[in-house]
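The values are calculated or read from the model by the stated rules, or taken from the named source; none is laboratory data. Please read all numbers here as calculations on a predicted model, not as lab measurements. Because the Cβ atoms are built from the backbone with ideal geometry, glycine has one as well, and the counts that use them run over all protein chains shown. Calculation scope for accessible area: heavy atoms of the full protein, side chains included, ligands and nucleic acids excluded. Shrake-Rupley method; radii C 1.70, N 1.55, O 1.52, S 1.80 Å.
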Amino acid sequence: ETGVTQSPTHLIKTRGQQVTLRCSSQSGHNTVSWYQQALGQGPQFIFQYYREEENGRGNFPPRFSGLQFPNYSSELNVNALELDDSALYLCASSLVDGGETQYFGPGTRLLVL
Amino acid sequence: GQQVMQIPQYQHVQEGEDFTTYCNSSTTLSNIQWYKQRPGGHPVFLIQLVKSGEVKKQKRLTFQFGEAKKNSSLHITATQTTDVGTYFCAGQNQAGTALIFGKGTTLSVSS
């Protein structure tokens, strides 16, 4: 196991609602990245946080936002949920901002009805 | 934008047969990483390749990084049922902040 934990494990929401997903990074890791994995696809990069600042962002709309806390844990917030937001949301922690192995948590499976 | 492509998308083999998945990037990569995801699971890091032409082995798995650092392959010798899953390659993006994943190759093995 990587030591990266995520909560909740599963979540069901309805269209238009808001959701907050949480991630605790591996001990000593100061960088957290979030990915969205739709069924049958590879993970798609949402954004990365390094020392509490957003350090890079993929092609996701502003209703996807995040936070990183002083203890390096992180949150992913999604507003105005759409049906296509149904996916596995993965966080990955690493030691530095880029160039290092990313260790994935078990993910949160979100279903939007 | 930067893209990483993998082939084949699916591969079914008989136990004991070999398996290879190929990965190609639209841009030169600083490094490439390989992950395995079991059904219902999350990606698990297998290996990272950094040097041009690098070859690394992990028991029955052989990983190669191309000379131009734009392609890579994973070869499994004598597959076992425990090898079942989806294998992803991932390259670092230009800014070095994200991994760009291929769509993966799903391997099934029948005994």
Note on B:ILE32: of the conditions (1) hydrophobic (A, V, I, L, M, F, W, C); (2) modelled with pLDDT of 95 or more; (3) open to solvent by less than 20 Å² (accessible area, probe 1.4 Å), unmet is (2)
Only one of (1) touching a residue at least 40 places away in the same chain (Cβ under 8 Å); (2) open to solvent by 10 Å² or more (accessible area, probe 1.4 Å); (3) not charged (D, E, K, R); (4) not in a strand (DSSP E or B) is not met by B:TYR22, so which one is it?
-> (4)
Within the range B:54-66, can one find any residue that is of a type in the set (A, V, I, L, M) and within 26 Å of A:GLN36 (Cα to Cα)?
-> no
Could you grab me the full set of residues in the range B:84-109 that are closer than 11 Å to B:LEU74 by Cβ and hydrophobic (A, V, I, L, M, F, W, C)?
-> B:PHE88, B:CYS89, B:LEU107
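In the range B:93-111, how many are in contact (Cβ under 8 Å) with a residue 12 or more places away in the chain and either more than 9 Å from every other protein chain (Cβ to nearest Cβ) or open to solvent by less than 10 Å² (accessible area, probe 1.4 Å) (or both)?
So the first thing to find is which residues in the range B:93-111 are in contact (Cβ under 8 Å) with a residue 12 or more places away in the chain, and the list is B:93-94, B:96, B:99-111.
Filter once more, keeping what is either more than 9 Å from every other protein chain (Cβ to nearest Cβ) or open to solvent by less than 10 Å² (accessible area, probe 1.4 Å) (or both): B:94, B:99, B:102, B:104-105, B:107-111.
So the answer is 10.
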Consider B:LYS56 against the criteria (1) within 14 Å of chain A (Cβ to nearest Cβ); (2) in contact with a Leu (Cβ under 6 Å, 6 or more places away or on another chain); (3) free of Cβ contacts under 8 Å to residues at least 40 places away in the same chain: it satisfies all of them except one. Which criterion is unmet?
-> (2)
Counting only residues that are without any contact (Cβ under 8 Å) to a residue 24 or more places away in the chain, within 14 Å of the chain's Cα centre (by Cα) and over 19 Å from B:THR79 (Cβ atoms), the range B:28-49 contains a total of 3
Which of the strands (runs of 3 or more DSSP E) contained wholly in the range A:1-67 include at least 2 residues that are within 18 Å of B:ILE100 (Cβ to Cβ) and of a type in the set (Val, Ile, Thr)?
-> A:31-37
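Looking only at residues that are within 14 Å of another protein chain (Cβ to nearest Cβ) and open to solvent by 60 Å² or more (accessible area, probe 1.4 Å) in the range A:10-39, which one is nearest to the chain's Cα centre (by Cα)? Let's see the steps before the verdict.
Of the range A:10-39, the ones within 14 Å of another protein chain (Cβ to nearest Cβ) are A:10, A:21, A:23, A:26, A:29-39.
Add one more test, that the residue is open to solvent by 60 Å² or more (accessible area, probe 1.4 Å), and what stays is A:10, A:39.
On the way: A:HIS10: 14, A:LEU39: 16 Å.
Among residues in the range A:10-39 that are within 14 Å of another protein chain (Cβ to nearest Cβ) and open to solvent by 60 Å² or more (accessible area, probe 1.4 Å), the one nearest to the chain's Cα centre (by Cα) is A:HIS10.
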Odd one out for B:PHE45, checked against (1) open to solvent by 10 Å² or more (accessible area, probe 1.4 Å); (2) at pLDDT 95 or above = (2)
Taking the range B:50-70 on its own, how many of its residues are more than 22 Å from B:GLY1 (Cα to Cα) and part of a strand (DSSP E or B)?
-> 8
Within the range A:69-113, how many residues are within 14 Å of chain B (Cβ to nearest Cβ) and more than 21 Å from B:PRO43 (Cβ to Cβ)?
-> 0
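Within the range A:60-71, can you find the residues that are open to solvent by 50 Å² or more (accessible area, probe 1.4 Å) and either within 23 Å of A:GLN17 (Cβ to Cβ) or within 10 Å of the chain's Cα centre (by Cα) (or both)?
Start the filter on the range A:60-71 by keeping residues that are open to solvent by 50 Å² or more (accessible area, probe 1.4 Å), which leaves A:61-62, A:67, A:69-71.
Scanning the range A:60-71 gives A:PRO61, A:PRO62, A:LEU67.
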Which pairs do you get when a residue that is within 15 Å of A:GLN18 (Cβ to Cβ), found in the range A:72-84, comes within reach of a residue that is among the small types (Gly, Ala, Ser) and in a strand (DSSP E or B), reach meaning Cβ atoms under 6 angstrom, with the pair 6+ apart or on two chains?
-> A:LEU76/A:GLY66; A:ASN77/A:SER65
